[in-house]
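The values are calculated or read from the model by the stated rules, or taken from the named source; none is laboratory data. Small disclaimer: the values here were computed from a predicted structure and weren't measured. In this analysis, Cβ positions are derived from the backbone assuming ideal geometry, glycine residues included, and neighbour counts consider all displayed protein chains.
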Amino acid sequence: MRDLNSNSAAMSEELLAWYDVHARAMPWRVGPADRAAGSYPDPYKVWLSEVMLQQTTVAAVRDYFLRFTNLWPTVSDLAAAEDAEVMAEWAGLGYYARARNLLKCARVVASGFSGEFPDNYDGLLKLPGIGPYTAAAIASIAFNRPETVLDGNVERVMARLHDIHDPLPGVKPVLKERAAELTPSQRPGDYAQAVMDLGATICTPRNPACGICPWRDPCAARSAGTAAELPKKTPKKPKPTRKGIVYLAKSAGGLWLLERRPDKGLLGGMLGWPGSEWSDAPGPNPPFEAVWQEADGEVRHTFTHFHLILRVMTAELPEGFNQNAAQELIPHRDFRPSSLPTVMRKAFDLYQGL
């Protein structure tokens, strides 16, 4: 097995040669051949894709990205968009604080930087919603800065390459040091994407394809036979289960009653059904007095930190209902279930099945 420390430059070159042939095609990416020919990534698209990809898969993000860039081709276009429209287009992608920070960041870039993203890590890190990973990814991929990009794929590759058995998340600083040792000064943007592609397509969580890996020879875990068990992770605590009630109401004239959630908190800023708190024993909280009927079945949904079980109550919305400031009456012809968060759409689907 080759000495990793003395062969970092050669290893980076090997990975880049592999990437030149096997790079994944993505709508936000400039491939290695086009980049070599002088095409450069749009920092707006790199930023947008990185924000969307947090806690989400490439497959889930692709259509959202294409829709966003069709509606808002530049960061200034996004900055000028209505909050509610952006939140509606984000619906279903989850982690809705990302969408709120997306708008904040777009508006800072549009107003404070004339629509141009800072071209370095420190400048990017000062923008709303951009943390260390995202700043490094944008600086590297969009501006070809030799920053160390460490996502879940790269963590897995580094843990196996060096046969590191200390568990995540505590071992992150060590994995970042190992990743930094391999980050080249030449083509750092392509390299960052190459090592992420390696983790996504070959050094996969299960059944890694070690036999066709460009780093199979220097990989310490492959040599030790421990690749499949790495990286190790500190066991997570079991998620608690909370309960809640949602109230679906439509008038005889076809008006749906929805409620916009507060900007802060879970599903912040999103439209959804009026409802109770989410707790161990939620009390009823109907939006108006009526004979509410409980739908057969229940809605089950899992958030990052807890499981949720919702009861669904239905009633006819009285004509002339006066909504409060947080509520909206939406005509049936304008109602888009797809604009609801996933958990709220599940409640609508249960209602539709009655």
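Show the residue pairs that are 6+ apart or on different chains and have beta-carbon atoms under 7 Å apart, the first residue being within region 201-216 and under 21 Å from residue 25 (Cβ atoms) and of a type in the set (Val, Ile, Thr), the second being crowded, with 19+ Cβ neighbours inside 10 Å and at pLDDT 95 or above.
If the second residue must be crowded, with 19+ Cβ neighbours inside 10 Å and at pLDDT 95 or above, the pairs left are 202/208; 202/213; 212/202.
Of the numbered conditions (1) part of a helix (DSSP H, G or I); (2) under 28 Å from residue 200 (Cβ atoms), residue 123 fails exactly one; give the number of that condition.
(2)
Hey, can you tell me all the residues within region 41-64 that are surrounded by 13 or more Cβ atoms within 10 Å (Cβ to Cβ) and assigned to a loop (DSSP other than H, G, I, E, B)?
Correct list: 41, 42, 54, 56.
Would you say residue 101 is of a type in the set (S, T, N, Q), over 15 Å from residue 49 (Cα atoms) and not assigned by TED's automatic domain parsing to the domain that holds residue 305?
No: the conditions fail for residue 101.
Filter region 142-189 down to the residues that are β-branched (Val, Ile, Thr) and out of contact with any Ser or Thr (no Cβ under 9 Å at 6 or more places or on another chain) and list them by number.
157, 164, 171, 174
In region 70-107, how many are assigned to a helix (DSSP H, G or I) and either without any contact (Cβ under 8 Å) to a residue 40 or more places away in the chain or among the small types (Gly, Ala, Ser) (or both)?
17
Okay, residues lined up against (1) among the basic types (Lys, Arg); (2) within 25 Å of residue 96 (Cβ to Cβ); (3) surrounded by 14 or more Cβ atoms within 10 Å (Cβ to Cβ); (4) not assigned by TED's automatic domain parsing to the domain that holds residue 91:
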position	(1), (2), (3), (4)
252	no, no, no, yes
275	no, yes, yes, yes
279	no, yes, no, yes
283	no, no, no, yes
305	no, yes, no, yes
326	no, yes, no, yes
329	no, yes, yes, yes
341	no, yes, yes, yes
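I'd like to check which strands (runs of 3 or more DSSP E) are fully inside region 288-354 and have at least 3 residues that are in contact (Cβ under 8 Å) with a residue 24 or more places away in the chain and under 17 Å from residue 254 (Cα atoms).
It comes to 307-317, 327-331.
For region 79-124, what are the residues that are in contact with a Ser or Thr (Cβ under 6 Å, 6 or more places away or on another chain) and at pLDDT 95 or above?
Residues satisfying the conditions are 110, 115.
Exactly one condition in (1) under 25 Å from residue 98 (Cα atoms); (2) surrounded by 15 or more Cβ atoms within 10 Å (Cβ to Cβ); (3) at pLDDT 95 or above is not met by residue 309; state its number.
(2)
Which of the residues that make up region 300-354 are under 15 Å from residue 247 (Cβ atoms) and among the hydroxyl-bearing types (Ser, Thr, Tyr)?
314, 351
Report yes if residue 321 is within 19 Å of residue 90 (Cα to Cα) and outside the structural domain of residue 98 (by TED's automatic domain parsing), otherwise no.
For residue 321, the condition - within 19 Å of residue 90 (Cα to Cα) and outside the structural domain of residue 98 (by TED's automatic domain parsing) - is not met.
Please work out if residue 157 is assigned to a loop (DSSP other than H, G, I, E, B) and either in contact with a strand residue (DSSP E or B) (Cβ under 8 Å, 6 or more places away or on another chain) or among the aliphatic types (A, V, I, L, M) (or both).
Judged against the criteria, residue 157 is not a match.
Whether any residue in region 171-186 is in the same structural domain as residue 41 (by TED's automatic domain parsing) and at positive phi is what I want to check.
No.
Can you name the condition, by its number, that residue 156 falls short on among (1) over 18 Å from residue 41 (Cα atoms); (2) over 23 Å from the mean Cα position of the chain (by Cα); (3) not acidic (Asp, Glu)?
Among (1) over 18 Å from residue 41 (Cα atoms); (2) over 23 Å from the mean Cα position of the chain (by Cα); (3) not acidic (Asp, Glu), the lone unmet condition for residue 156 is (2).
When you go through (1) buried (at least 21 other Cβ atoms within 10 Å of the Cβ); (2) in a helix (DSSP H, G or I) one by one for residue 176, which number turns out not to apply?
(1)
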